[in-house]
């Protein structure tokens, strides 16, 4: 198996398998309908439950764009308790803009409410070798956003700039 296939397995398939097994084999499977009922509108309950059981990102047409982050946070809190690893950290994924696989994985992890908090950050280990500077910037952004209320300014952090290329590892803010 080549390296690309291994990365694809760890990044895209393993989270789905873990979420499906977690909610199938544990008493926590009863939390799914309760979480969906509490956090999602009546019209979106089925979609929310499906996302939770499958390990997929939350993509429900029935949830208004401005409520997606709040809904993902609510679902994560209902399933795992209060956690600092939430969708408000999604803009930090911009650190991986030059590495499509790492960027997509980062966005996937932060928008999949059924993934445990530790699992949301585990993808970094697979991105380190190909994007070590981006991973340093991502980590700096996560720490900054968890500690401070003001916006993260990448150009103020050495880990997020490349002086030789005069490049900042952040693009446009991500939205839903």
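Computed from the coordinates by the stated procedures, all read-outs in this text should not be read as laboratory data. Since the model is a prediction, treat every value here as computed from it, not as a measurement. Neighbour counts are summed over all protein chains in view; Cβ atoms, including those assigned to glycine, are modelled from backbone coordinates with ideal geometry.
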With label points set 7 Å from each Cα along the Cα-to-Cβ direction at residue 43 and residue 148, the distance between them in nm comes to 4.0
Which order do 72, 63 fall in if you start with the one that has the fewest other Cβ atoms within 10 Å?
63, 72
Gained length - residue 59 relative to residue 125, 0.36 nm times residue gap less alpha-carbon distance
21.2 nm
Please arrange 132, 114, 54 by counting, for each residue, the other beta carbons lying within 10 Å of its beta carbon, fewest first.
132, 54, 114
